[in-house]
Structure formats: C-alpha cells, structure tokens
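The next block holds one structure in the form of structure tokens; read it before the comments.
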Amino acid sequence: MLDCVFKGYPHDKYRCPHYPYFCEGDILTEVLYMKDIKGCYLREFDAMVVRSDEDNSSVELSKTAFYPLGGGQPSDKGFIEWENERSAVREVIKRKGILHFLDGPIPPAGKKVHCSIDWNLRYGHMKMHTAQHLLSAVIWNRYGASTVGNQIHKDRSHIDFHPASFSMEDLKSVEKEVNDLIGEAHSVKVEEYPRELVEKKVEKGKVDLSRLPASISTLRVILIGDNGKIDICPCAGTHVANISELGRMNIVKRKSKGSGKIRIEYELL
Ligand SMILES: [Zn+2]
C-alpha cells in the first residue's frame, strides 16, 4: 500500500479507492487543481520529474496543474523549464499515470522543473466548462433532459441532451435564464461528499453515477450558488470561482441528433 498524495487517503498501487481519476498507475502525481477552486487558478508550479520516457517524449511529475484530456475538455498546453532548457508541453494524457508529452529536450527523472500553463487556453476551458454545468442544470430543471455528452473548446462548445424536444425558441428563454443567473454572480465551490449524499442530493437521471466503480465512496462535487442551490454535480474538471466570470452565454445552434437527442452549441461573449 502506498499513501495517496491527496489528503493521505490509503491507496493501492493501481487504483485509488477515492479518486481514481488522478492517481491511477504506480506514479503518484498530486493534481493541484483538484483540492479547491483556488487550485484551478494556479498558472505556474515547481515539480520533480518522477519518470522520463525518451522513446515517447513524455514525463510524469511529482505534482501537476496541467489538465489531462478527458471529460470532454481538451488537454492543457504550456512549458516545462529547467536549468537552461525549455520544452513545450504539447499534450497531457491520462494513461495509468499523467503523461506530459513534450516538444523539445526531455528532462531526466529526478530533475526539478518549473512548469507554466497556457493560461489563455485554460481559462477559456474553465469558463466553458463551468458554463456547461450551468446550462445542463437549467435544461435539466426545465425539461428533465440529461446531459449525455459534451465537448468543450475555448471558443465554442456543445452539449448533447436526451430525452430532448425543446425548440430554438425555448432555447432563447433558456439563454435568458442562464444569463440572469450569471448576472446574479453565484460562487462556485469544490467539496467532497460521501457517495450516499450525492445520490440523495442529485436527482436520478441528471447524472449517471452507476458508471463510477462501487469502490468510490467519496466524490468531488462542484456546487454553484450557496449550498449548491443552483447546481450540484460530481466532476473532476476545472472551474471558475464565480459564474460572473462567464460573461454572457450565446446559444448559437440547436441540432437534432435523432432518437430524441438534441445538441446545443454555445459560446461565451
Ligand atoms: Zn465540471
């Protein structure tokens, strides 16, 4: 047994029973954006290389603030620097461990490095991702349609809903509700809830918890508004601290995907 670096939870070598999404594999990487919203705003950090793979140009780090591709959100990009060397972080992928793929020289294991994130890209993703929570919550409350897929991009994102039958006219009113909520400037918080509490607080159908392994007993949840009055949703992603940061949502497109599925495309202005 190894100690999980996240709050010292007990941890087996390949699967953390609490947070499998950030400490799978035999390298324990502390994920700096997980603990609280403040962590999502970390643009630079120091770490140590714990594994270096010249063959596929990747490194694993003792800690990272880079978001790896997943959950409909693209990977972060940025730079790793050490001594007189500097490499671009091209892509970050979870594959047992969290692999940082580099363009440029590869620092060896044991090397202390300074890392910086492409903040413009990341902040765009954080805003779009938080907007996804908000839009999904409004659609769920109005129409009982679940979010069954999503793809975040910095400039334009989409969410798939099912079962869905709303019109573009309905979506104008949804857009207004989302923008009214943004205007109310609700805070966003990260908390840990026991799984039973999430099952009680999050309505059935809104989020499919059955896909999470039964061994996961504590979930990271994202709360929008006081005590999550606007939305409570389990999520491992990066979010903004207050929805006022989203600016204004513009629903650009409604597209029927067949079998009662509707895709909504949106941007933030
Ligand atoms: Zn999220």
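Table for the structure above
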quantity	calculated
Computed E for residue 248/residue 93 - FRET, C-beta separation, R0 41 angstrom, nearest 0.05	0.80
Helix 119-143 vs. the chain, principal-axis angle (Cα, 0 to 90°, nearest 10)	30 degrees
Peptides ranked, highest mean first, by Cβ atoms within 10 Å: ranges 61-68, 146-153, 109-116	61-68, 146-153, 109-116
For peptides 133-142, 247-256, 158-167, sequence by mean Cβ density within 10 Å, most packed first	133-142, 158-167, 247-256
Rounded to whole Hz, the Karplus (6.51, -1.76, 1.60) HN-Hα couplings of the range 96-110, x for glycine and proline	6, x, 9, 8, 9, 8, 10, 9, x, x, 10, x, x, 4, x
Whether the chain is rounded, prolate or oblate, judged on the alpha carbon gyration tensor where a/c under 1.5 counts as rounded	prolate
Added length on full extension, which subtracts the Cα-Cα distance from 0.36 nm per residue, residue 214 to residue 43	58.1 nm
Full-stretch length increase - residue 180, residue 199 - with 0.36 nm per residue and alpha-carbon distance subtracted	4.0 nm
Reach of residue 35 by Cα under 17 Å, taken over lysines that are not fewer than 8 positions away in the same chain	7, 63, 189
Whole-Å semi-axes of the ellipsoid equivalent to the range 122-268 (Cα gyration tensor, √5λ, descending)	23, 19, 14
Neighbour count of at most 15 Cβ within 10 Å plus DSSP loop: longest GluC sites (Glu not before Pro)-free window in the chain	84-183
Simple label model, 7 Å out from Cα along Cβ direction - residue 83 to residue 155, nm	4.0 nm
Between 0 and 90°, nearest 10: helix 168-183 axis offset from the chain longest Cα axis	60 degrees
Restraint check, 176/201; 206/229; 94/204, Cα-Cα greater than 24 Å	176/201; 94/204
Hz values of 3J(HN,Hα) by residue in the range 239-248 - Karplus curve (6.51, -1.76, 1.60), Gly and Pro given as x	9, 7, 7, 8, 5, 4, 5, 6, x, 9
Amide H contacts of residue 149 (H built 1.01 Å from N, under 5 Å, at least 5 apart or other chain)	160
Computed [θ] at 222 nm, deg cm²/dmol, the chain (DSSP H ≥ 4; -39,500 (n - 2.57); rounded to nearest 500)	-6000 deg cm²/dmol
Whole-percent pair-distance distribution, where bins are 5 Å wide, for the alpha carbons of the range 88-199	2, 8, 13, 16, 17, 13, 10, 9, 6, 3, 2, 0
Inter-label distance, nm, simple model (7 Å from Cα along the C-beta direction), residue 69/residue 142	3.4 nm
For the range 86-145 versus the range 219-246, the gap between their alpha-carbon centres in whole angstrom	17 Å
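The numbers here are math on the coordinates, done by the rules we state, and not lab data. Only a predicted model underlies this, so the values are computations on that prediction, with no experimental measurement involved. All Cβ positions, glycine included, derive from the backbone under ideal geometry; neighbour counts span all protein chains shown.
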